[in-house]
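Read through the structure below, which is laid out as structure tokens, and then see the notes.
Readers should treat all values here as calculations from the given coordinates under stated rules, not as data from a laboratory. Small disclaimer: the values here were computed from a predicted structure and weren't measured. Here the Cβ is made from the backbone with ideal geometry for all residues, glycine too, and neighbour counts use every protein chain on show.
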Amino acid sequence: MSTLVGRWALVIGIILAIIAGFTTIPSLPVVLFILGLIVGFLNIKERESTPFLISVIALLLIGVAGLQLGKFTSVAAAVLNNFIAFVAAAGLVVALKQVLGVAKSTS
């Protein structure tokens, strides 16, 4: 059941990030952040943590660098900002789980 919820959170988060590039949705970053937390808690297993975190770092760097260069249209920039909010939240959860796991194993 939790896997199903996590999958739907992922799909809904991606769809919302794209749709919101074309329109203004109040408090969307909060919704995307919450969906990202759900994805991080429910979808990413221990064995997937390192590849996931590397992917999150790459996506965030590409997104932030692209926004800094200003090479995107306003719609693409909005979609990218929304996607960054979504992915960063999932990465935060997985990174914290990794840190707590390392702290447990060393004590």
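Against the definition (in a loop (DSSP other than H, G, I, E, B) and of a type in the set (Ser, Thr, Tyr)), how does Thr3 come out, yes or no?
no
Is it true that Val31 is of a type in the set (Val, Ile, Thr), assigned to a helix (DSSP H, G or I), surrounded by fewer than 18 Cβ atoms within 10 Å (Cβ to Cβ) and at negative phi?
no
Given the condition without any contact (Cβ under 8 Å) to a residue 24 or more places away in the chain and assigned to a loop (DSSP other than H, G, I, E, B), answer yes or no: does some residue in the stretch 56-66 qualify?
No, the conditions are met nowhere in the stretch 56-66.
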